[in-house]
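Structure first, commentary second.
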Amino acid sequence: MAKNLILQDVSKKFDNLYAVNKIKLEIKEGEFVTLLGPSGCGKTTTLRMVAGFEIPSAGEIVYNGKVINRLIPQQRNFGIVFQSYALFPHMRVNENVAFGLKMHRYPKDKIQPRVDELLDIVGLKEHKHKYPAELSGGMQQRVALARALAPRPEVILLDEPLSALDAKIRVKLRAEIKQLQVDLGITTIYVTHDQEEALSISDRVVVMNHGIIEQIDKPVAIYKNPRSRYVADFVGTSNFFEGKLKQGKIDGHELTFTVANTNGITEGNVTAAIRPEKIEIVNSREAGKHKKGNTVTGKLIVIVFLGLIVRLVVRLKTQDVIVDILEKRFTDMKISRGENIELYLPPDAFIVYGIE
Amino acid sequence: MSTITAENIQPKGKKILNDKYLIYVVGGLIGLFLLVFMLLPVLNILRLSMTAYDPRKHEFLGRLTLANFTNYFSKPAIVQSLYHSLWIAVWSMVITTTLAFFFAYGLTRTTIKWKKALYYVAMTPLIAPSLLQAMALISLFGSNGLITAGLLNVEWNIYGPTGIIISEVLYCFPHAMVILYTTLSAVDSRLDEAASSLGASEVTTFFKITVPTARYGIFSAAALVFNLAITDFGNPIIIGRGYNVLSTEIYLQVIGMQRFDLGTTIAVVLLVPSIIAFLLNYYFTKKSHSLISGQAKPQLPPSRPLKKYGFTAYSWTIAGILLSVIGVIVFKSFIKVWMYNWSFTTSHYQFKIPGGISVLWTSLKIALFVGFFGAFLTILNGYIIEKKKPFFAQPLYLFSVIPAAIPGLVMGLGYILIFNTRFLNLDNILYGKPLIIIINVIITNFTLGTLSSISNMKNIDKSMDEAATSLGANTTRTFLRIIFPLNRISFMSNLIYYFMRSMVTISAVIFLISPDVHLASIAVINLEKDGQEGPSAAMATLIIIIVIVMLAIFALLFKKRGLKVVAESE
């Protein structure tokens, strides 16, 4: 039987506040799952409950068919990488990595080979006699990873492990972590508030907000079919148009537009979300190409060059709209700041959410 | 998701309980230790001060009464000691704080040279018993003083309030200086720069910016000096000459006349101002710490010549006075008969006192014991309060902070009144034994040790504990392998602090020595009171030498083992 980790209606109450409220989650053996959300959404509390640092107020945490709610961390054999790394500053790199092995009473002659093996994997063999303070942030991160992996944990928990690093190293290390996870086939729970990191590294992403799970899905699904307005807003960038839905048309402040899919809603107040890259610019020289309707005109107020794409901010009557277009197309169109441009919002690009 | 049917496994063995209860047990033991050796003796004094007493049989009668207090306030000679104490404490406070402030200002805000040396010289009063100042003043300004009788040949001498105040100023100087130094180096000196860039003169800046921003540090230092001066025993008993203060009055009533009723009553009277001063000190210290900015300190611009020379002259004058206090005593210990026969001798170093030279080794042994045990206990205490936070962390903290409010003399009196009991055979185990002295010194200095340990614990990453736990270490191993090594610096400084206090303290242990246990610092005071000024100077010199040598040894040990720490500076 596969060693799955199941959170069954798990809650954590601090005083009178639910940090985590009845979440359900099943993680398969070998899976890489990321808990994503803003600070205070309950993702770290969830991780700490899995680690054994917090005891759930209600619900059960089941691992390998056993309820482990009240097991102390030492008895779980889960490896943890902390946001601050928590490397022991008075121990050398190899002593740090050997610590867990000693605590688990590994045979003396097996400790050093295991330490070397881990340091080899993370590429720090030549730094084994250094103290943590003598290493760069990225190296310290790798030591923390090696230390957590050394006692052969069955699950590894990573609490915002890259948040203290520079953007460049972050991208490099997250690829390394993913590769290592695939090689070892180890069940992994990863906590982050960085949606790009979550999408790029995970098998599945759990989007959390105010202690509840908003959506659990593969990264592509999270991005393409955000199940709530919250997810659409938090993951990636979205433009939102509010209005009254009636017969497949939304009557908004700016414009009345058609949507292809009303998400099961027949009528009432709704929000329609559209990604910036789905919006098209109607080039006057290419006029007639687009169907009538679903267009709106606004003034181009900001141009941000992002490399491959250019992000434009277009001011409509009551709101700004973000539009991403390829840099090449932007250059070809020869538009400049202050100009009025016409936007086309494809009906099938909208996702509609009801408003309570 | 369907409901899961899973085997509900309980923790293996009782490990989870063990770890939690281990903290309860250890924390509970520390709490019990403080309860028995701090709170009970003091409460007992309160009780006895309100118990009827038979002065002829020297016995408490067990009846509740306020007669002791009416008795106290009806004896003008004794009540006077309260006014004397307040007078001494207030003047010592004003003078010490002022002098120390300018000294600390010179060290932190001007570009005078030799700052490190000046700082260490300012600390020298800490390495000697708190009667050295009085001994030196008497040698120079007494009725037979080198300056008064020798050089100037005047009738005036320094005995009485003037002598006590000057002694207290010299004794309390380092305590106030440390606080003001910390405050002035922590307050952002760019405030001063901002003021001068807005056109304020140096003097205006000083009074409108520097002093107000350092005010909590100043108040905190003043309260501490007040507390030290009002509770000091060594200096007033030597230089007071009939000018009795509360602490000397307690001693005279108890030792001289066996009047435990008056002793406990005066002890309670002394507790009031000392507790108030302590609370003020505590309050202002907290306030002061909240004002400290963690920002990088800009380089000081070179001070103008007048300022520089002024502060150089001022600082070295103070330093010179502090050094000459020690110098006079060391010199005197080699002089055959002060003022009469100036020939060199080492005969004063052959002590004709009970225990002889061995009192020094007793003191050293006890001080080392106090140092290691006290430092370990305060680190452990700080760990439990700050990191483990059991449900009784708050009361334990409160218990740990109270000792600083209790004068050592009162605590010592409390000990002899409560531990001379047959109960649990305590009169045999504790009474008159080194153990009671060790416990007393640990308790009376418990506050500072615990507070410094707590602030050190605060700087240790919270995940450090959890990292060790997740890697399989239990609480004991986490403490021994992670927490304790990370607190080496704190342990060392607590050890040194405890060691020094134990070597030089008088008031805490004056009631606790016995025919079995003699201490060096008490030998100094007894020799001095007997008029054996040569031997007392010699004993004081030996104490100073031992403290300096041990400090050097600690520093070496610390350097060797502390090499790694340098790399850790995060």
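The values are calculated or read from the model by the stated rules, or taken from the named source; none is laboratory data. All values reported here derive from a predicted model rather than from experimental measurement. Note that we place each Cβ from the backbone using ideal geometry, even for glycine, and neighbour counts take in every protein chain shown. Just the protein is used for accessible areas: all its heavy atoms, side chains included, with ligands, DNA and RNA removed. Shrake-Rupley method; radii C 1.70, N 1.55, O 1.52, S 1.80 Å.
Highlighted here are the helices (runs of 4 or more DSSP H) found entirely within region B:9-118 that include at least 1 residues which are within 14 Å of chain A (Cβ to nearest Cβ): B:15-34.
Tally the residues that are hydrophobic (A, V, I, L, M, F, W, C) and closer than 30 Å to B:K116 by Cβ, restricting the search to region B:315-359.
Total meeting the criteria: 13.
In region A:33-53, the residue that is modelled with the lowest pLDDT out of those that are in contact with a Lys or Arg (Cβ under 8 Å, 6 or more places away or on another chain) and open to solvent by 10 Å² or more (accessible area, probe 1.4 Å) is A:G52. Inclusion of A:L145 among residues that are in contact (Cβ under 8 Å) with a residue 60 or more places away in the chain and open to solvent by 10 Å² or more (accessible area, probe 1.4 Å) is warranted. Filtering region A:78-131 to residues that are within 13 Å of chain B (Cβ to nearest Cβ) and on the phi > 0 side of the Ramachandran plot leaves A:Y85, A:A86, A:R105. Cβ-Cβ contacts under 8 Å between residues 6 or more apart (or on different chains), taken from a first residue in region A:252-279 that is among the acidic types (D, E) to a second residue that is in a strand (DSSP E or B), are listed as A:E254/A:F241; A:E254/A:V296; A:E267/A:K244; A:E267/A:L245; A:E267/A:K246; A:E277/A:I309; A:E277/A:D324; A:E277/A:I325. The set of residues in region B:318-355 being outside the structural domain of B:T96 (by TED's automatic domain parsing) and more than 17 Å from B:G534 (Cβ to Cβ) consists of B:P354, B:G355. For region B:302-317, the criterion of being within 30 Å of B:G534 (Cα to Cα), modelled with pLDDT of 90 or more and open to solvent by 20 Å² or more (accessible area, probe 1.4 Å) is met by at least one residue.
Scanning region A:101-133 for residues that are assigned to a helix (DSSP H, G or I) and over 17 Å from A:L180 (Cβ atoms) yields a total of 13. Kindly establish whether B:L137 is modelled with pLDDT of 85 or more, open to solvent by 10 Å² or more (accessible area, probe 1.4 Å) and farther than 29 Å from B:L360 by Cβ. Judged against the criteria, B:L137 is not a match. Remark: pairs (first residue in region A:43-69, under 14 Å from A:V155 (Cα atoms) and within 11 Å of chain B (Cβ to nearest Cβ); second residue in a helix (DSSP H, G or I) and at pLDDT below 90; Cβ separation under 7 Å; 6+ apart in sequence or on different chains) = A:A51/A:P73; A:A51/B:S470; A:G52/A:P73. Residues that are outside any loop (DSSP other than H, G, I, E, B), of a type outside the set (A, V, I, L, M, F, W, C) and either free of Cβ contacts under 8 Å to residues at least 24 places away in the same chain or in contact with a Ser or Thr (Cβ under 6 Å, 6 or more places away or on another chain) (or both) within region A:302-328 comprise A:R315, A:D320, A:E327, A:K328, listed in sequence order. Among the residues making up region B:398-430, those that are surrounded by fewer than 18 Cβ atoms within 10 Å (Cβ to Cβ) and of a type outside the set (A, V, I, L, M) are B:N420, B:T421, B:R422, B:F423, B:N425, B:D427, B:N428.
Right, A:G138: more than 8 Å from chain B (Cβ to nearest Cβ), under 27 Å from the mean Cα position of the chain (by Cα), farther than 19 Å from B:D465 by Cβ and open to solvent by 20 Å² or more (accessible area, probe 1.4 Å) or not? When the stated conditions are applied, A:G138 does not pass them.
Taking region B:181-298 and the helices (runs of 4 or more DSSP H) fully enclosed by it, the elements with 2 or more residues that are farther than 19 Å from B:A77 by Cβ, assigned by TED's automatic domain parsing to the domain that holds B:I95 and not β-branched (V, I, T) are at B:190-197, B:215-231, B:234-239, B:260-290.
Residues to consider are B:A221, B:A149, B:A200; find the one that is within 28 Å of B:G240 (Cβ to Cβ) and open to solvent by 20 Å² or more (accessible area, probe 1.4 Å). Sole residue among the options that is within 28 Å of B:G240 (Cβ to Cβ) and open to solvent by 20 Å² or more (accessible area, probe 1.4 Å): B:A149. Checking the structure you have, find out if any residue of region B:476-496 is hydroxyl-bearing (S, T, Y) and away from chain A (no Cβ under 14 Å). Yes, region B:476-496 contains a residue that is hydroxyl-bearing (S, T, Y) and away from chain A (no Cβ under 14 Å). Within region B:323-359, the set of residues being assigned to a helix (DSSP H, G or I) and under 30 Å from B:P434 (Cα atoms) comprises B:I326, B:I329, B:V330, B:S347, B:H348, B:Y349, B:S358, B:V359.
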